[in-house]
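K.L.:
Below is the structure I would like to discuss, written out as structure tokens.
No lab work stands behind these numbers, since they all come straight from the coordinates. Treat the numbers as computed from the prediction; the structure is a model and nothing was measured. Cβ placement follows ideal geometry from the backbone for every residue including glycine, while neighbour counts extend to all protein chains displayed.
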Amino acid sequence: MANAVFIQNPGSIYRDEPGIVYHFPKRYLGMVEECLGDWIVIYEGRKGAFGYTSVLKVATVVPDHELEGHYYAYFERGTEWQFEQVVPRSDPMGIAYETSLRGPDGAAISGGASVSAVRRLSFAEFGAIVSAGLKPLEGPEALPREAGMEHAFAEAQAPFESAVIVDIRDTVLTSRLKRDASFARNVKAAYKGRCAISGLDLRNGGGRAEVQAAHIRPVADKGPDSVINGLALSGTLHWMFDRGLISVGEKHEILVSDNKVPAEVRQRLISPTGKLHLPEDARHHPHPAFLKYHRENIYGMTA
């Protein structure tokens, strides 16, 4: 097993599905197969976030039977963890995280190895990138609603020491506590503390957002810890969403189970617009596949 960087840009010319499958030509087959059962880092170029954006695990590699000389690497469902910080190619000292990308002065080069769609990572390089990416977000939108509660997430916010690579791979990346705290910060920051369904931006006395982070495709159903699989919701709407009393349509219209939700409750809790209040950054909008999963598997299913 081995770690690597996969370049995966929005609007890729390949048959990619972010967080699900990576499409690549045969010349990278050997390196991709080395990563089977192990973790890789996703990197987006200038057409995307322009940095390392997430970490996830490779499950299988299969041939593309429609396009000769190409293959699919399927990721293990539910393993994707979106970084809280987009990590640039170089660290704060100006030194490229990947040794193969360093010029004579240590800075990241253009061309050469930097254009390779798949690049091997040493354990130290992998640990340094993941540590930088999982540095906790700050600000009132990202913090827990109650002052002092950030200490309850001390395990999640503790430094990710790159020297202890085994802990990062075997403990940190599979820790539900760490993932939940990180996911919550990412989602609440993306929505700027505003409930996506009510449209309300409620703050407590300390200025902290009252919203919670809801997974669209649940963790129990292998939903990833990425903003595109999340919604910022008030506590009541979070409960209703998880119970299938409300959902979201293809055009972001809010769906309500009328036979289970009284009209007066709908009037009080649902935005008058009847549509989701989305993040400003389109990269953070909920993915259609996750919304479809919720509609088909959770919405209206509560007895």
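K.L.:
How tilted is helix 123-133 with respect to the longest principal axis of the chain? Cα atoms for both, answer in degrees (0 to 90, nearest 10).
P.N.:
Relative to the chain, helix 123-133 is tipped by roughly 30 degrees.
K.L.:
Taking 8 Å as the Cα distance limit and 6 or more residues as the minimum spacing, I'd like the relative contact order of the range 187-297 as a percentage.
P.N.:
On the way: 170 pairs, mean separation 35.7, N = 111.
Answer for the range 187-297 is 32 percent.
K.L.:
Return the distance in nm (one decimal) between the two label points of a simple spin-label model at residue 268 and residue 255, each offset 7 Å from Cα along Cα→Cβ.
P.N.:
In this crude spin-label approximation the distance works out to 2.5 nm.
K.L.:
Could you pull out every one of the lysines with an alpha carbon less than 16 Å from that of residue 222, ignoring same-chain neighbours closer than 8 positions?
P.N.:
Leaving aside lysines fewer than 8 places away in the same chain, those within reach of residue 222 are 57, 292.
K.L.:
For the chain, with the dipole built from +1 on Lys and Arg beta-carbon atoms and -1 on Asp and Glu ones, taken about the Cα centre, which of 211, 69, 87 lies farthest toward the positive end?
P.N.:
Result: 211, furthest along the dipole toward the positive end.
K.L.:
So what is the relative contact order of the range 3-135, in percent, for Cα pairs below 8 Å that sit 6 or more residues apart? Intermediate results must be reported in sequence, preceding the final value.
P.N.:
On the way: 263 pairs, mean separation 36.7, N = 133.
That works out to 28 percent.
K.L.:
Still on this structure: Let me check against my output: what whole-number percent is the relative contact order of the chain, with C-alpha pairs under 8 Å and at least 6 apart?
P.N.:
Values: 587 pairs, mean separation 43.0, N = 303.
Normalised by residue count, the contact order of the chain is 14 percent.
K.L.:
With the Cα gyration tensor of the chain giving a ≥ b ≥ c as the square roots of its eigenvalues, does the rule (a/c under 1.5 for rounded; else a/b larger than b/c for prolate; else oblate) give rounded, prolate or oblate? Walk me through the numbers on the way to the answer.
P.N.:
On the way: a/c = 2.18, a/b = 1.52, b/c = 1.43.
Note, shape of the chain comes out prolate.
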